[in-house]
Amino acid sequence: MVELKEVELKKDKSVFGQISEHNHEKVVFCHDKETGLKAIIGIHNTVLGPALGGTRMWSYASEAEALDDVLRLSRGMTYKAAISGLNLGGGKAVIIGDAKKDKSEALLRRFGRFVKNLNGAYITAEDVGMTTKDMEYIRMETEHVSGLPESMGGGGDPSPVTAYGTYMGMKAAAKKAFGSDSLNGKKISVQGVGHVGGYLVELLAKENAQIFITDIYEDRLREVSAKYNAKVVGMDEIYDLDVDIYSPCALGGTINDNTLGRLKSKVIAGCANNQLRDETVHGPALTEKGILHAPDFLINAGGLINVYSELQGYNRESAYAQTERIYGFTLDIFDKAEQEGIYTQLAATKMAEQRINSISKVRSTY
Ligand code: NAD
């Protein structure tokens, strides 16, 4: 296995080096002294349509970490839209700051002005650290917001649909790894029981899975544990559990040099974006270890499908029906990976790129 450090050294860590690494179209640094706004909007690719992706607010350890996050996340959105058959490009935004302390109406509306100035090239939505109320403030400044509450004509919280798609992807992975898609009695660890993780645990409990959960917030853990009879485990302990399925539903990068050797599950299927710290290293390493990884951007696409439906006049039933198709797509990706002898995340990326390339040719004749 290639050492992660070696790979990191080869990379050009300058701002433009990072932007060109995955061929991002545009990166906007947003700053406002008055409100304390520091945000980055990443537009990865707009071949299929406007770049859509949520805004995340997080206390990043450094600006470099925030840039890395927005670049990785926006790229993931391009592939998520492409593989789900949506006419959307990939984008994402991050606001640097503590979501519990640093938010204000003015800061959010100032951010909304930056989104507005992109004239629809970027459409934002809710992500980690943001609430429906925050999105309403952003909406006061720009119409390029999706994932709005039902009271404002939107599809509401996309998390239940994301959880449903993740569940479908998990069942497909179980089918491939265990020969049956039933999760009855399966030991499943869920890392992060926030919006999506909470709904996912509900679906797993209905199937009588044995559920293990962890989270930063103890109140939330107690609530989910009591409601669904899930066993609470420590935040670090989760990597050592002897489970059938590990479901990362917090932040990205949890499959890395430190955790890889500890994971014992046969399947990894969760909603978190960018689960592999370094795709080219940790993707093949999982295959080598015999762990079946359901590609994150494929199985967590339910929320995006829901939001996309909103842009065309929201229809909940069709959003769920389209999300259910993730089951079949996931099985197709496993087949492709097997046939081509490649890791599953790469198989999914290739499938998405094929669609983008073929459509870019269609559009070049317009
Ligand atoms: P959320 O903020 O509601 O939940 C995340 C939870 O993870 C929180 O409860 C947080 O306390 C916990 N957490 C953070 N770090 C942790 C750690 N180290 N160990 C254990 N728990 C930890 O966010 P969400 O909307 O549920 O999204 C979860 C993930 O899924 C994110 O990566 C997000 O980008 C991705 N995702 C969400 C959606 C959606 O519809 N909400 C769609 C696609 C992808």
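Scanning segment 181-200 for residues that are polar (S, T, N, Q) and more than 7 Å from the ligand (Cβ to nearest atom) turns up Ser182, Asn184, Ser189. When segment 34-49 is filtered for residues that are out of contact with any Phe, Trp or Tyr (no Cβ under 7 Å at 6 or more places or on another chain) and under 12 Å from Gly90 (Cα atoms), the ones remaining, listed by number, are Gly42, His44, Asn45, Thr46, Val47, Leu48, Gly49. In segment 205-216, what count of residues is obtained for those that are within 15 Å of the ligand (Cβ to nearest atom) and crowded, with 16+ Cβ neighbours inside 10 Å? Count: 5. Set side by side, the residues Val28, Val2 differ, and just one is over 15 Å from the mean Cα position of the chain (by Cα), modelled with pLDDT under 95 and not in a helix (DSSP H, G or I), which is Val2.
Out of segment 123-162, which residues are among the hydroxyl-bearing types (Ser, Thr, Tyr) and in contact with a Phe, Trp or Tyr (Cβ under 9 Å, 6 or more places away or on another chain)? Spell out the reasoning first.
Just the residues of segment 123-162 that are among the hydroxyl-bearing types (Ser, Thr, Tyr), to begin with: 124, 131-132, 137, 142, 146, 151, 159, 162.
Once the filter is applied, which keeps residues that are among the hydroxyl-bearing types (Ser, Thr, Tyr) and in contact with a Phe, Trp or Tyr (Cβ under 9 Å, 6 or more places away or on another chain), segment 123-162 yields Thr124, Tyr137, Thr142, Ser146, Ser159, Thr162.
Scanning segment 262-283 for residues that are assigned to a loop (DSSP other than H, G, I, E, B) and either polar (S, T, N, Q) or within 13 Å of the ligand (Cβ to nearest atom) (or both) turns up Ser265, Ala269, Gly270, Cys271, Ala272, Asn273, Asn274, Gln275. Scanning segment 146-180 for residues that are among the hydrophobic types (A, V, I, L, M, F, W, C) and modelled with pLDDT under 95, we see that the one that is farthest from the ligand (Cβ to nearest atom) is Met152.
Condition check for Lys100 on (1) surrounded by fewer than 19 Cβ atoms within 10 Å (Cβ to Cβ); (2) assigned to a helix (DSSP H, G or I): one failure, at (2). The residue list Thr287, Thr344 contains one member that is more than 15 Å from the ligand (Cβ to nearest atom), within 19 Å of Ala173 (Cβ to Cβ), polar (S, T, N, Q) and within 19 Å of the chain's Cα centre (by Cα), which is Thr344.
Listed by position, the helices (runs of 4 or more DSSP H) contained in segment 284-366 that have at least 1 residues being touching a helix residue (DSSP H, G or I) at 6+ places or on another chain (Cβ under 7 Å), surrounded by fewer than 20 Cβ atoms within 10 Å (Cβ to Cβ) and free of Cβ contacts under 8 Å to residues at least 40 places away in the same chain are 316-324, 326-340. Do we find that Ala93 is within 15 Å of the chain's Cα centre (by Cα), within 13 Å of the ligand (Cβ to nearest atom), crowded, with 23+ Cβ neighbours inside 10 Å and not in a loop (DSSP other than H, G, I, E, B) in this structure? Considered against the rule, which asks whether it is within 15 Å of the chain's Cα centre (by Cα), within 13 Å of the ligand (Cβ to nearest atom), crowded, with 23+ Cβ neighbours inside 10 Å and not in a loop (DSSP other than H, G, I, E, B), Ala93 comes out as yes. Taking every residue in segment 28-44 that is in contact (Cβ under 8 Å) with a residue 12 or more places away in the chain and pairing it with any residue that is of a type in the set (Ser, Thr, Tyr) and in a strand (DSSP E or B), at least 6 positions away or on another chain, the pairs with Cβ-Cβ distances below 9 Å are Val28/Tyr122; Ala39/Thr55; Ile41/Thr55; Ile41/Tyr122; Ile41/Thr124; Gly42/Tyr122; Ile43/Tyr122. Can you say whether Asp68 is among the charged types (D, E, K, R), part of a loop (DSSP other than H, G, I, E, B) and surrounded by fewer than 20 Cβ atoms within 10 Å (Cβ to Cβ), as far as the supplied structure shows? Considered against the rule, which asks whether it is among the charged types (D, E, K, R), part of a loop (DSSP other than H, G, I, E, B) and surrounded by fewer than 20 Cβ atoms within 10 Å (Cβ to Cβ), Asp68 comes out as no. Among residues of segment 109-137 being at pLDDT 95 or above and within 16 Å of the ligand (Cβ to nearest atom), the one that is farthest from Gln275 (Cα to Cα) is Ile123.
The values are calculated or read from the model by the stated rules, or taken from the named source; none is laboratory data. Please read these numbers as outputs of a predicted model, since none were measured by experiment. As a convention, Cβ positions derive from the backbone with ideal geometry for all residues, glycine included, and neighbour counts pool all protein chains shown.
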